[in-house]
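Below: one structure, written as structure tokens.
The values are calculated or read from the model by the stated rules, or taken from the named source; none is laboratory data. The structure presented is a predicted model; accordingly, all values stated were derived computationally and were not measured. Please note: Cβ atoms are built from the backbone with ideal geometry, for glycine as well, and neighbour counts cover all protein chains shown.
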Amino acid sequence: MPKNKSGADAPQAAARTRRGPKKILVLHGPNLNLLGSREPEIYGCKTLADINRRLIALGKAAGAIVVCFQSNNEGALIDRVQQSKKEQVAYLIVNPAGLTHTSVALRDALAGVAIPFIEVHLSNIHAREPFRRHSYFSDQAAGTICGLGSRGYELALQFILQQA
């Protein structure tokens, strides 16, 4: 397959140019603004700002636009999901945090916009308290990554960037 000057496959690069860069929204749920200081033995020492900077840089290097949004308010997260449809977001990375186990409304918003998403959790929710083992999102997600700390976000982004 022919390559362009940057080494990318020419047809893929041409398609990206016509449509513009891929837009990816990273959605962080409640209490993730406390990363770095909140229970580092469970959630790690990286701050949310550290994670966001890394994802934005990785996206930029791949020619994608990565936008990060965090809220402790379920309604704000729902509004942001609905807005993503208007912005032609191609993919979402979603860490619903504590809403994983409670939010039918956020689940419905994701179903309503029908944008594919990867569900990410810093901790292994299946090895935690029984109430944390059920997710309202996993059956809708294109994939779920849990227990790999902040690296889970990067793996989700790598997968998304490889999608046509």
| field | Single condition V66 does not satisfy, out of (1) outside any helix (DSSP H, G or I); (2) more than 26 Å from S37 (Cα to Cα) | value | (2)
| task | Output the residues belonging to the range 114-129 that are in a loop (DSSP other than H, G, I, E, B) and over 13 Å from the mean Cα position of the chain (by Cα). | result | A114, S123, N124, R128, E129
| remark: Pairing a residue in the range 140-164 that is in contact (Cβ under 8 Å) with a residue 60 or more places away in the chain with any residue that is of a type in the set (D, E) and surrounded by fewer than 19 Cβ atoms within 10 Å (Cβ to Cβ), where Cβ atoms lie under 9 Å and the two sit 6 or more apart in sequence or on different chains, gives S150/D50
| task | Restrict the check to the range 130-146 and report whether at least one residue is assigned to a helix (DSSP H, G or I) and either crowded, with 18+ Cβ neighbours inside 10 Å or of a type in the set (D, E, K, R) (or both). | result | yes
| message | Tell me the residue from I93, I78 that is closer than 19 Å to Y136 by Cβ, assigned to a helix (DSSP H, G or I) and among the aliphatic types (A, V, I, L, M), please. | response | I78
| Among (1) crowded, with 17+ Cβ neighbours inside 10 Å; (2) more than 17 Å from N52 (Cα to Cα), where does N95 come up short? | (2)
| How many residues, within the range 1-49, are loosely packed, with under 14 Cβ neighbours inside 10 Å, farther than 21 Å from A76 by Cα and at pLDDT 50 or above? | 9
